[in-house]
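The values are calculated or read from the model by the stated rules, or taken from the named source; none is laboratory data. Predicted model, so just to flag it, every value in this text is computed and none were measured. Cβ coordinates were reconstructed from backbone atoms using ideal geometry, including for glycine residues, and neighbour counts include every protein chain displayed.
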Amino acid sequence: MNLAILRSRELKAYSEAVERIHAASDTKDFSQSVFSALAELIPASFITSDAYHLASGISRHASSRQGPRGWAERLSELVEKEHPAYFAIRDGLREPLRLDDLISQRRLRRLALYHDVFRPLNGGHQIVLPLVAPGFVAGFTINRDTPFTEEEMCLARLLGPHLALAHLHSRSEMEACRGFPDERTVTPREREVLHWIGQGKRDAEIALILGIARRTVSKHVEHILAKLGCETRTAALSALNEHRREV
């Protein structure tokens, strides 16, 4: 990541966005607060928050703009069928990316996803910001009809871990997740440990980050593996995004 391409004004805007996103964890509507913070940082036609529960097939969505009649239903239906980032997140993607990095505009414009979901709200180019949500394919998307710059992608990559961590701490998001069937209880601290495992951190590093003993981290990992029914950390991370599998 080349931070040298960012100007002081952009870095200041990024810092303000980070503060607003972490503050959103304590709000009643996490998604709407994040929409506002992201829109101030990266110009967009619309921004969405999407979560697909793998065990039940139920999904929920929020958007910064209201689409035409039936738009949300088509979004839910077509993302699971046609969106390449859906499959990438399901298979373990954690880093923000551009949709253009996964599919060409020529191929995208042949899909119903483009005509029924992106085009009605002036979309077609998209930044995907994955979230760490056990049992879900989840994330925020930033959408518009013009390509995103390298500077904007740099900002998105810097922001991604903060957004994922704020989501883990969000009361409203966790309450919404508990509304899905067949979800097993993972404590807030265990979600934090899961987040940092997903970032490639070792127990000692996680202990320093969270301000707890290394042995405590190890106990959290034991509990996580038991709840996910896995024997290794690698298997646990894979299980989080395995299609139709309970976690």
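Please state which of the following conditions Asp101 fails to meet, knowing it meets all the rest: (1) in contact (Cβ under 8 Å) with a residue 24 or more places away in the chain; (2) on the phi < 0 side of the Ramachandran plot.
The number of the failed condition is (1).
What is the residue count in segment 35-66 for residues that are buried (at least 22 other Cβ atoms within 10 Å of the Cβ) and among the acidic types (Asp, Glu)?
Count: 1.
Looking at the structure I just gave you, is Gly70 surrounded by fewer than 16 Cβ atoms within 10 Å (Cβ to Cβ), out of contact with any strand residue (DSSP E or B) (no Cβ under 9 Å at 6 or more places or on another chain) and under 24 Å from Ile197 (Cα atoms)? Give the derivation first.
Details: surrounded by fewer than 16 Cβ atoms within 10 Å (Cβ to Cβ): yes; out of contact with any strand residue (DSSP E or B) (no Cβ under 9 Å at 6 or more places or on another chain): yes; under 24 Å from Ile197 (Cα atoms): no.
It is false that Gly70 is surrounded by fewer than 16 Cβ atoms within 10 Å (Cβ to Cβ), out of contact with any strand residue (DSSP E or B) (no Cβ under 9 Å at 6 or more places or on another chain) and under 24 Å from Ile197 (Cα atoms).
If I ask for residues that are buried (at least 18 other Cβ atoms within 10 Å of the Cβ) and either at pLDDT below 95 or part of a helix (DSSP H, G or I) (or both), which ones from segment 98-129 would you list?
Leu99, Leu108, Leu113, Tyr114, Asp116, Val117, Phe118, Leu121
So His162 clears everything in (1) modelled with pLDDT of 95 or more; (2) under 11 Å from the mean Cα position of the chain (by Cα) except one condition, right? Which one?
Checking His162 against (1) modelled with pLDDT of 95 or more; (2) under 11 Å from the mean Cα position of the chain (by Cα), the one that fails is (1).
Look through Phe148, Phe140, Phe87 and report the one residue that is in a strand (DSSP E or B), aromatic (Phe, Trp, Tyr) and either surrounded by fewer than 17 Cβ atoms within 10 Å (Cβ to Cβ) or in contact (Cβ under 8 Å) with a residue 40 or more places away in the chain (or both). Steps first, answer last, please.
Values: Phe148 fails: in a strand (DSSP E or B); Phe87 fails: in a strand (DSSP E or B).
Every option except Phe140 fails the conditions.
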